[in-house]
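Read through the structure below, which is laid out as structure tokens, and then see the notes.
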Amino acid sequence: MSSELVDALTVLEKEKGISRDVLVEAIEAALVSAYRRNFNQAQNVRTDLNLANGTIRVFARKDVVEEVFDSRLEISLEDAHKINPSYEVGDVVEIEVTPKDFGRIAAQTAKQVVTQRVREAERGIIYNEFIDREDDIMTGIVQRKDARFTYVSLGKVEALLAPGEQAPNETYHPHDRIKVYITKVEKTTKGPQIFVSRTHPGLLKRLFEIEVPEIYDGTVEIRSVAREAGDRSKISVYTDNPDVDAVGACVGPKGVRVQAIVNELHGEKIDIVKWSDDPVEFVANALSPSKVLDVIVDEKAKATTVIVPDYQLSLAIGKRGQNARLAAKLTGWKIDIKSETDAREAGIYPHAETAPLQDETASAEGSGPFDGTNEEIE
């Protein structure tokens, strides 16, 4: 074996971070297997790789015994004394058995081992890089599709986008650039597997962190997210800074911030509401864009009955109950919506008509300029 191997080990140690001792140990173990396989030997052998001159030698290890039963593994005390008179029964004698043409086999084996260890090291580096990016967002390029996954290149590795993680309003084509949310990183025998999503609520949260500086620096906090991917989402935001408008910061000047997120999600509607620790106020805000007259709270059942104007009932419930469903997910409270007339007839809303309870809210849709007003979506 030439000194090129020594140079290669030195380069790998510097560039890939693979210890030379680890590589040498792996090469020697592989050479033992290669010797037994190529020369049909069942001996107990060890190999010695000399890094100084690049040579490799093979030694058969035999136990010193009084009576030999297997000459491949044992040597008589008499024969051992011919090598060194100091040998005793129970010692191990090493006899060089390096074949003449073993250099070619050794070089090929060493190359295979180094290649394999480099591949394993690169996989380890990729795994360590991406395990730290779980629950984070990355921009990838769609590569291809099959019956199981859409494959998205994240640079060093292809991520797997399962059908259940794809938004129903989106179609992915090769070379499309998309932002994806990393949900899971697994270590497998074939290398790290990265699973990503376009439907996870975390994607929406990360997009707001990118677009809204006040969220990124912690001035504004996203308290909860409710999402039905591809259709509609709600987020609640909060700040303890009296000089900052949490909802307005997320909307941005003329709605440019939230509109950028709507565009990234291909028209998904987004409601931004102000979070409150008062369930009456929070539930009323969460039902935006519907107006709310009153919220009756049952603390034990963690349930609320919401009274809305008659003409706002369908808007409060939303298509197929979506608005109420998202509001319940956002707040963590059960929500039962009743019209003002039904509530009066049931005797649970005898009050005179009052102003709506909502604090500041905003809604954004995927079409047309966003003007910061609540829009009815039916």
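The values are calculated or read from the model by the stated rules, or taken from the named source; none is laboratory data. Since this is a predicted model, take the numbers as computed values, not measurements. All Cβ positions, glycine included, derive from the backbone under ideal geometry; neighbour counts span all protein chains shown.
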- Give I75, I95, I83, I18 a once-over and let me know the one that is in the same structural domain as A121 (by TED's automatic domain parsing), within 26 Å of A121 (Cβ to Cβ) and of a type outside the set (F, W, Y). I18
- Task: Consider K145 carefully, then state whether it is assigned by TED's automatic domain parsing to the domain that holds H175, under 52 Å from the mean Cα position of the chain (by Cα) and under 30 Å from D21 (Cα atoms).
- Result: no
- Query: For region 64-79, what are the residues that are within 11 Å of Q43 (Cα to Cα) and assigned to a strand (DSSP E or B)?
  - Reply: E74
- Query: Assuming Y127 fulfils every condition listed in (1) buried (at least 17 other Cβ atoms within 10 Å of the Cβ); (2) in a helix (DSSP H, G or I); (3) touching a helix residue (DSSP H, G or I) at 6+ places or on another chain (Cβ under 7 Å) apart from one, which condition is it?
  - Reply: (3)
- Task: Quickly run through region 249-286 and pick out the residues that are in a loop (DSSP other than H, G, I, E, B), more than 21 Å from R206 (Cβ to Cβ) and touching a residue at least 60 places away in the same chain (Cβ under 8 Å).
- Result: S276
- Going by the conditions given, is K338 modelled with pLDDT of 95 or more and among the basic types (K, R)? no
- Just one of the numbered conditions (1) outside any helix (DSSP H, G or I); (2) within 28 Å of E186 (Cα to Cα) is not true of K100; which one? (2)
- Is it the case that some residue within region 151-171 is surrounded by fewer than 15 Cβ atoms within 10 Å (Cβ to Cβ), at pLDDT 85 or above and among the basic types (K, R)? no
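Rundown of residues vs (1) in contact with a Ser or Thr (Cβ under 8 Å, 6 or more places away or on another chain); (2) at pLDDT below 90; (3) assigned to a loop (DSSP other than H, G, I, E, B); (4) loosely packed, with under 15 Cβ neighbours inside 10 Å, yes/no style:
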residue	(1), (2), (3), (4)
V292	no, no, yes, no
A301	no, no, yes, yes
V306	no, no, no, no
R320	no, no, no, yes
N323	yes, no, no, no
L330	yes, no, no, no
- What is the one condition in (1) at pLDDT 90 or above; (2) buried (at least 17 other Cβ atoms within 10 Å of the Cβ); (3) out of contact with any His (no Cβ under 9 Å at 6 or more places or on another chain); (4) assigned to a strand (DSSP E or B) that T139 does not satisfy? (2)
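Residue-by-condition table, conditions (1) crowded, with 16+ Cβ neighbours inside 10 Å; (2) among the polar types (S, T, N, Q); (3) modelled with pLDDT of 75 or more:
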residue: A26; (1), (2), (3): yes, no, yes
residue: N38; (1), (2), (3): no, yes, no
residue: A52; (1), (2), (3): no, no, no
residue: I56; (1), (2), (3): yes, no, yes
residue: A60; (1), (2), (3): yes, no, yes
residue: D63; (1), (2), (3): yes, no, yes
residue: D70; (1), (2), (3): no, no, yes
- If you check S153, S197, S236, which single one turns out to be closer than 17 Å to I270 by Cβ and either in contact (Cβ under 8 Å) with a residue 40 or more places away in the chain or among the small types (G, A, S) (or both)? S236
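Go through region 239-248 and report how many residues are in contact (Cβ under 8 Å) with a residue 24 or more places away in the chain and surrounded by fewer than 20 Cβ atoms within 10 Å (Cβ to Cβ). Can you show your working first?
From region 239-248, those in contact (Cβ under 8 Å) with a residue 24 or more places away in the chain are 239, 244-248; that's our starting set.
Still in the running and surrounded by fewer than 20 Cβ atoms within 10 Å (Cβ to Cβ): 239, 244-245, 248.
So the answer is 4.
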- Task: Find the residue count for region 218-253, including only residues that are in contact with a Gly (Cβ under 8 Å, 6 or more places away or on another chain) and either among the acidic types (D, E) or over 23 Å from N323 (Cα atoms) (or both).
- Result: 0
- Message: Is it the case, given these coordinates, that V244 is modelled with pLDDT under 95 and either part of a strand (DSSP E or B) or not polar (S, T, N, Q) (or both)?
- Response: yes
- Within region 75-108, the count of residues that are under 56 Å from the mean Cα position of the chain (by Cα), farther than 26 Å from D7 by Cβ and crowded, with 17+ Cβ neighbours inside 10 Å comes to 1
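Among the residues of region 163-181, is there at least one that is of a type in the set (F, W, Y), outside any loop (DSSP other than H, G, I, E, B) and in contact with a Gly (Cβ under 7 Å, 6 or more places away or on another chain)?
Yes, region 163-181 contains at least one residue that is of a type in the set (F, W, Y), outside any loop (DSSP other than H, G, I, E, B) and in contact with a Gly (Cβ under 7 Å, 6 or more places away or on another chain).
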